[in-house]
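Let me begin by presenting the structure, written as structure tokens, before commenting on it.
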Amino acid sequence: MLNLRIIQLKRIFKFLLFSLLILFFNSFFFERYYVRFPIYEIESTRIPKNFDGYKIAVVSDLHYGFLNPEFWIRYVIGSINEQNPDLIVGLGDYVKKRNFDEELIHVWKLLPLLKAKDREVFVNGNHDHWANHSLSLRLLEESKKSIRNRIFEIKLGNEKIILGGLGDFWEDHIPIDQIFQHTDPKQFRIAIAHNPESADTPHTVSIDLFITGHTHGGQVRIPFLQHSPILPVQNKNYDLGIRNSIFNEMVFISAGIGWSILPLRFNCPSEVPILILKHKAN
């Protein structure tokens, strides 16, 4: 009887050990390095007909550096280009470490490899500022792809949409009204920002869509509940996917690619979301 009990305990131990190994491989390797391209449809009556089906690739939180080396960043960039997006938006946190100029300089040699049909636009995130505030801003501007504190119009035929870029909510806040104040309220307006809480800052200009990252989706999400216990935002509604701001404006949050604190993801794989604009008839 004792021998049978020992055999049962050994089987349980082996099962637990095997399960832990599977969990470790999934969280530390598979979900971190196998990047998905989930599709989200953004539907609105304000989206012009010519932009129906317009494809936006959302690149957030690359965190180039430790455990996210150059060859992997190049692989991710190549995979994004293969999606053949109309527009690529870079949401910041391109590096991982603080006070590390070399990583900033090197990642900005890689980011121009991103190619979209219309254009590629970028803003910075908190990690970029933490690495080197002035250098990160200089590299952003020198790229000629900065949308920080400026407006771009994208035209298709006789119709257009408006893009505006915000500074980082924590380190480089720029008032939304300052950026969008001279834009046409009849046009579909998109604000590009690193942190979703930028959407909750006071503004009178109406924004149709915020595109954001920063949260990593929480990195660890409880199965079935689809809830993350740890989010680097005060508004815990801002975890992942399509949400509404406190002003009832649409906010999209990407889970991004990198990691924070611990290099793992569980039930929250790395992603480069593809947003598809859809014209909705009145």
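The values are calculated or read from the model by the stated rules, or taken from the named source; none is laboratory data. Bear in mind that the values here come from a model prediction, so they are computed numbers and not experimental data. Here the Cβ is made from the backbone with ideal geometry for all residues, glycine too, and neighbour counts use every protein chain on show. Note: areas computed on protein heavy atoms with side chains; ligands, DNA, RNA excluded. Shrake-Rupley method; radii C 1.70, N 1.55, O 1.52, S 1.80 Å.
Going by alpha carbons, how many degrees (0 to 90, nearest 10) lie between the helix axis of 70-82 and the longest principal axis of the chain?
Result, in degrees: 60.
Between the DSSP loop rule and a limit of at most 16 other Cβ atoms within 10 Å, which chymotrypsin sites (Phe, Trp or Tyr not before Pro) in segment 55-93 are left?
Those satisfying the criteria are PHE66.
Considering amide H positions built from the backbone, and no H for Pro or chain starts, which residues 5 or more places from TYR64, or on another chain, come under 5 Å of its amide H?
VAL95, LYS96
Taking the alpha-carbon centroid of each part, what is the distance from segment 79-125 to segment 216-264 in angstrom?
21 Å
Based on the mean of other Cβ atoms within 10 Å per residue, sort peptides 157-165, 212-220, 52-60 so the most packed one is first.
Highest-to-lowest ranking by the protection proxy: 212-220, 52-60, 157-165.
Within segment 186-282, which chymotrypsin sites (Phe, Trp or Tyr not before Pro) sit in a loop by DSSP and count at most 16 neighbouring Cβ atoms inside 10 Å?
When the chymotrypsin sites (Phe, Trp or Tyr not before Pro) of segment 186-282 are filtered for loop state and at most 16 Cβ neighbours within 10 Å, PHE224, PHE247 remain.
Between ARG119 and LYS155, what length in nm is gained on full extension when 0.36 nm per residue of separation is reduced by their alpha carbon distance?
11.8 nm
Based only on Cα atoms, what Rg/Rh ratio does the chain have, Rh being taken as Kirkwood's radius?
1.05
What percentage of the solvent-accessible surface of the chain, computed with a 1.4 Å probe over protein heavy atoms, is contributed by carbon and sulfur atoms?
The nonpolar share, carbon plus sulfur, comes to 58 percent.
Counting only protein chains, not ligands or nucleic acids, how are GLU171, GLU249 ordered by accessible area (probe 1.4 Å), most first?
Ranked list, largest accessible area first: GLU171, GLU249.
At 1.4 Å probe size, with every protein chain present, just tell me what the per residue accessible area of segment 1-156 comes to in Å².
On a per-residue basis, segment 1-156 sits at 55 Å².
If you keep only loop residues by DSSP, which trypsin sites (Lys or Arg not before Pro) in segment 179-262 have at most 15 other Cβ atoms within 10 Å of their Cβ?
Taking segment 179-262 and a limit of 15 other Cβ atoms within 10 Å, the loop trypsin sites (Lys or Arg not before Pro) found are LYS186, LYS236.
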